[in-house]
Amino acid sequence: MIKTRAIQAFAAALAVLGVANPPAKGQYIAYVGTYTNQRPTPKSKGIYAYRFDAKTGKFTSIGLAAETSSPSFLAVHPNRKFLYAANENNQGTVSAFAIDAATGMLKPLNSVSSKGSGPCHLSLDQTGKWLFAANYNNGSVASFPVNADGSLGEAISAIQHQGSSVNRSRQAGPHAHEAVVSPDNKLLFAPDLGMDKVMIYQIGANGALTPNAPPSIGVAPGSGPRHMAFGPKGKFIYVMTEMTDSVVAFSYDGKGGAKEIQTISAVPADFTGQKSGAEIAVHPNGKFLYASNRNHNSVTAFTIGAKGALAVAGNVLVPGKTPRHFAIDPTGAYLIVSNQDSDNIVVFRIDPKTGGLTPTGDALEIASPVCVVFVPAS
């Protein structure tokens, strides 16, 4: 009887959080966002789903979860009932879906204008009330209300970036590449490749965005900031530069102020090809940082020091071409790399002591993969 009551209490607590049933331990659904417009004859149709066993690192295909145009980046609601996709087209939209955690299928809810062109990144605040989008082509950010049923309202605010930088072929105008909510849920950070700045906005009680003071963090001219990640306890910021393929580490004061600690290359010193940094993420244990390098076709592992400085722990080539994105599974045991131009996803095992990566040998064949997110399976 005591065990039964404990189970019932646990289930009730999960229900308060919006989770109908406890997830199967170690069992997840992995959703993969893709490009549907990258070839003359598109091979992909939208968002694909897989079952993922965190105990073994194995994926099993479910199939096409939702047909939608170029869902290049995905974000999961904190209650794990809804999924959102950035439809990266010239006429940008953001689409909302309800998740069936039993089957993996996605039910379309609605789509709204991203208030820009080429939306390439999404995030939600910790309450799940607001969604934020970055539009690459025209360089803007926007915020949207999330309704109780998971659908999206029209944009509350849309801010057009203004500025350029030294590379006239790639930085003649702004190119917002990401929208990241701060650990305290008060600020939105938007790395802008075209401006060589990470723009910072305050998130209002109604979800509206207003410029912060200070309004931005700068990087070296011609770097092209692409993505960023917060370090342990929110005391550090790490910015991945696309054009110089480096990681810039900053100490962070919690209010938008940042001081550079170091800039460290994410590719080996003997690499002579065109540099093209892509994804960056900090391991859940706060000890390691990873960065993907598209033209080098590799992922670099770093250790994070007590004062935020990075040291290279290793560099591994990926079995594929153009590792645009990677994800660390919810248990922190595996790193999953999406190779956009070789149409495959590959899996690496993470050494919990060193952060080193070892390929498992598993690969998923999928056209133009761009992003992977996880949801507990029911």
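Hey, which of the strands (runs of 3 or more DSSP E) in the range 125-196, taking only ones fully inside, have at least 2 residues that are over 20 Å from Lys81 (Cα atoms) and in contact with a His (Cβ under 8 Å, 6 or more places away or on another chain)? Spell out the reasoning first.
Numbers: elements: 130-135, 140-145, 157-160, 187-192.
Output list reads 140-145, 187-192.
Just for the range 163-220: of the residues that are of a type in the set (Val, Ile, Thr) and touching a strand residue (DSSP E or B) at 6+ places or on another chain (Cβ under 7 Å), which one is nearest to Asp125 (Cα to Cα)?
If we filter the range 163-220 for residues that are of a type in the set (Val, Ile, Thr), which is where we start, we get 166, 180-181, 198, 200, 203, 210, 217, 219.
Next, from what is left, pick out any that are touching a strand residue (DSSP E or B) at 6+ places or on another chain (Cβ under 7 Å): 180-181, 198, 200, 203, 210, 217, 219.
Values: Val180: 9, Val181: 6, Val198: 18, Ile200: 15, Ile203: 9, Thr210: 16, Ile217: 21, Val219: 26 Å.
Top of the filtered list is Val181.
I need the full set of residues from the range 129-154 which are touching a strand residue (DSSP E or B) at 6+ places or on another chain (Cβ under 6 Å) and of a type in the set (Gly, Ala, Ser), in order please.
Within the range 129-154, Ala133, Ala134, Gly139, Ser140, Ala142, Ser143, Gly150, Ser151, Gly153 meet the criteria.
I need a count of the residues in the range 1-55 that are small (Gly, Ala, Ser), at pLDDT 50 or above and closer than 20 Å to Pro108 by Cα.
Keep residues of the range 1-55 that are small (Gly, Ala, Ser), which gives 6, 9, 11-13, 15, 18, 20, 24, 26, 30, 33, 44, 46, 49, 54.
The next check asks that each one be at pLDDT 50 or above; those that pass are 24, 26, 30, 33, 44, 46, 49, 54.
Remaining after also requiring closer than 20 Å to Pro108 by Cα: 30, 33, 44, 46, 49.
Total satisfying the criteria: 5.
Consider Phe271 carefully, then state whether it is of a type in the set (A, V, I, L, M, F, W, C) and under 25 Å from Ser123 (Cα atoms).
On the way: of a type in the set (A, V, I, L, M, F, W, C): yes; under 25 Å from Ser123 (Cα atoms): no.
So Phe271 fails the test.
Yes or no: the range 98-119 includes at least one residue that is acidic (Asp, Glu), surrounded by fewer than 19 Cβ atoms within 10 Å (Cβ to Cβ) and closer than 29 Å to Gln38 by Cβ.
Keep residues of the range 98-119 that are acidic (Asp, Glu), which gives 100.
Still in the running and surrounded by fewer than 19 Cβ atoms within 10 Å (Cβ to Cβ): 100.
Adding the requirement that they be closer than 29 Å to Gln38 by Cβ leaves 100.
Checking the range 98-119: at least one residue is acidic (Asp, Glu), surrounded by fewer than 19 Cβ atoms within 10 Å (Cβ to Cβ) and closer than 29 Å to Gln38 by Cβ.
Would you mention how many residues in the range 214-253 are within 14 Å of Gly308 (Cβ to Cβ) and either modelled with pLDDT of 95 or more or in contact with a Leu (Cβ under 6 Å, 6 or more places away or on another chain) (or both)?
Of the range 214-253, the ones within 14 Å of Gly308 (Cβ to Cβ) are 228-239, 247-253.
Retained after the next criterion (residues that are either modelled with pLDDT of 95 or more or in contact with a Leu (Cβ under 6 Å, 6 or more places away or on another chain) (or both)): 228-231, 234-239, 247-253.
Residues meeting the conditions: 17.
I need the full set of residues from the range 341-354 which are outside any strand (DSSP E or B), in contact (Cβ under 8 Å) with a residue 40 or more places away in the chain and either of a type in the set (D, E, K, R) or within 13 Å of Phe374 (Cβ to Cβ) (or both), in order please.
Step one: list which residues in the range 341-354 are outside any strand (DSSP E or B), which gives 341-343, 351-354.
So of that shortlist, the ones also in contact (Cβ under 8 Å) with a residue 40 or more places away in the chain come out as 343, 352, 354.
Once the filter is applied, which keeps residues that are outside any strand (DSSP E or B), in contact (Cβ under 8 Å) with a residue 40 or more places away in the chain and either of a type in the set (D, E, K, R) or within 13 Å of Phe374 (Cβ to Cβ) (or both), the range 341-354 yields only Asp343.
I'm trying to understand the selection: among the residues of the range 91-103, which are within 20 Å of the chain's Cα centre (by Cα) and in a loop (DSSP other than H, G, I, E, B)?
First pass over the range 91-103, keeping only residues within 20 Å of the chain's Cα centre (by Cα): 92-99.
Result: Gly92, single match.
Output the residue which, of all residues in the range 344-353 that are surrounded by 18 or more Cβ atoms within 10 Å (Cβ to Cβ) and not β-branched (Val, Ile, Thr), is nearest to Ile304 (Cα to Cα).
Start the filter on the range 344-353 by keeping residues that are surrounded by 18 or more Cβ atoms within 10 Å (Cβ to Cβ), which leaves 344-348, 350.
Right, trim to not β-branched (Val, Ile, Thr) and you get 344, 348.
Numbers: Asn344: 30, Phe348: 20 Å.
Filtering the range 344-353 for residues that are surrounded by 18 or more Cβ atoms within 10 Å (Cβ to Cβ) and not β-branched (Val, Ile, Thr), the one nearest to Ile304 (Cα to Cα) comes out as Phe348.
Within the range 71-90, can you find the residues that are more than 14 Å from Tyr35 (Cβ to Cβ) and assigned to a strand (DSSP E or B)?
We begin by selecting, within the range 71-90, every residue more than 14 Å from Tyr35 (Cβ to Cβ); these are 75-84.
Selection gives Ala75, Val76, Phe82, Leu83, Tyr84.
Picking from Asn344, Asn315, which residue would you name as being at pLDDT 95 or above and under 25 Å from Tyr48 (Cα atoms)?
Numbers: Asn315 fails: under 25 Å from Tyr48 (Cα atoms).
The unique qualifying residue is Asn344.
Does Lys197 qualify as being of a type in the set (Lys, Arg), out of contact with any helix residue (DSSP H, G or I) (no Cβ under 7 Å at 6 or more places or on another chain) and in contact (Cβ under 8 Å) with a residue 60 or more places away in the chain? Explain how you work it out, then say what you get.
Numbers: of a type in the set (Lys, Arg): yes; out of contact with any helix residue (DSSP H, G or I) (no Cβ under 7 Å at 6 or more places or on another chain): yes; in contact (Cβ under 8 Å) with a residue 60 or more places away in the chain: no.
When the stated conditions are applied, Lys197 does not pass them.
If we keep just the residues of the range 312-340 that are aliphatic (A, V, I, L, M) and in a loop (DSSP other than H, G, I, E, B), which is surrounded by the fewest Cβ atoms within 10 Å (Cβ to Cβ)?
First, pick out the residues of the range 312-340 that are aliphatic (A, V, I, L, M): 312-313, 316-318, 327-328, 333, 335-337.
Pick out the ones that are also in a loop (DSSP other than H, G, I, E, B) and you get 318, 333.
On the way: Val318: 24, Ala333: 16.
Taking the candidates together, the pick is Ala333.
Return only the number of the condition from (1) without any contact (Cβ under 8 Å) to a residue 24 or more places away in the chain; (2) under 25 Å from Lys45 (Cα atoms) that Gly320 does not satisfy.
If we test Gly320 against (1) without any contact (Cβ under 8 Å) to a residue 24 or more places away in the chain; (2) under 25 Å from Lys45 (Cα atoms), just (1) comes out false.
The values are calculated or read from the model by the stated rules, or taken from the named source; none is laboratory data. All figures in this text were calculated on a predicted structure; none of them were measured in a lab. Glycine also receives a Cβ, built like all others from the backbone with ideal geometry; neighbour counts cover every protein chain displayed.
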